[in-house]
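Visitor: This structure is in structure tokens; I'll ask about it shortly.
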Amino acid sequence: MKGTILLFHFSDRDRRNKLAKALFPLHLKITVVSKESYLQPVGYLAGIKSVLPVEGSYEGEELDGEMVLMVGLTGAQVDAALKAIRKSGIGPIPYKAVLTAANQEWDVLKLYQEIKSEHQKMSENG
């Protein structure tokens with residue numbers, strides 16, 4: 001499977017384009033996930049065949065921040081992607097994650113809440 005970056009709540013086209021341009025040299029697939037898909041398991045959105053879709057379309061509020069989910073990347077690719085994100089000139093994206101066996105069944109909203117909670121804990125302790 002080709003390494004993939006899923007983007008959530010990147011509504012600003014300039015920011016999204018700068019990020020895509022920064023990631024382009026890494027030859028990763030970049031997918032922008034629509035708000036309506038937020039009830040789906042992130043593994044399904046990432047193309048994991050064993051993770052099945054759920055019924056329904058999300059109609060609630062948008063996430064209150066941008067989120068990046070890295071899928072199928074090696075450790076070196078994750079490092080390169082994080083470096084490219086930093087150098088993209090779009091500023092910090094505090095909510096970043098890697099797809100794992102533990103989180104692939106979570107929907108977008110649960111993943112976002114978990115990352116946001118971890119980020120707040122790290123900020124308090126940092």
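Visitor: With region 1-111 as the region, which helices (runs of 4 or more DSSP H) entirely inside it contain at least 1 residues that are of a type in the set (D, E, K, R)?
Guide: 13-23, 75-87
Visitor: Return only the number of the condition from (1) open to solvent by 60 Å² or more (accessible area, probe 1.4 Å); (2) under 19 Å from residue 101 (Cβ atoms) that residue 76 does not satisfy.
Guide: Of everything listed in (1) open to solvent by 60 Å² or more (accessible area, probe 1.4 Å); (2) under 19 Å from residue 101 (Cβ atoms), residue 76 misses just condition (2).
Visitor: Out of all the residues in region 46-60, which are surrounded by 15 or more Cβ atoms within 10 Å (Cβ to Cβ) and of a type in the set (A, V, I, L, M)?
Guide: Once the filter is applied, which keeps residues that are surrounded by 15 or more Cβ atoms within 10 Å (Cβ to Cβ) and of a type in the set (A, V, I, L, M), region 46-60 yields 46, 48, 51.
Visitor: Mind telling me which of the residues 3, 89, 43 ends up being of a type outside the set (S, T, N, Q), in contact (Cβ under 8 Å) with a residue 60 or more places away in the chain and either in contact with an Asp or Glu (Cβ under 8 Å, 6 or more places away or on another chain) or open to solvent by 80 Å² or more (accessible area, probe 1.4 Å) (or both)?
Guide: Values: 3 fails: either in contact with an Asp or Glu (Cβ under 8 Å, 6 or more places away or on another chain) or open to solvent by 80 Å² or more (accessible area, probe 1.4 Å) (or both); 89 fails: either in contact with an Asp or Glu (Cβ under 8 Å, 6 or more places away or on another chain) or open to solvent by 80 Å² or more (accessible area, probe 1.4 Å) (or both).
It is 43.
Visitor: From the set of residues in region 33-54 that are of a type in the set (A, V, I, L, M, F, W, C) and over 13 Å from the mean Cα position of the chain (by Cα), which is nearest to residue 12 (Cα to Cα)?
Guide: 39
Visitor: Now, a different point. Exactly one of these conditions fails for residue 57: (1) closer than 19 Å to residue 86 by Cβ; (2) out of contact with any Ser or Thr (no Cβ under 7 Å at 6 or more places or on another chain); (3) not aromatic (Phe, Trp, Tyr). Give me its number.
Guide: Of the numbered conditions (1) closer than 19 Å to residue 86 by Cβ; (2) out of contact with any Ser or Thr (no Cβ under 7 Å at 6 or more places or on another chain); (3) not aromatic (Phe, Trp, Tyr), the odd one out for residue 57 is (1).
The values are calculated or read from the model by the stated rules, or taken from the named source; none is laboratory data. Just so you know, these numbers come straight off a predicted model, no measurement behind them. Quick reminder, even Gly has a Cβ in these numbers, built from the backbone with ideal geometry, and neighbours come from all protein chains shown. Ligands, DNA and RNA are excluded from the accessible area calculation, which covers all protein heavy atoms including side chains. Shrake-Rupley method; radii C 1.70, N 1.55, O 1.52, S 1.80 Å.
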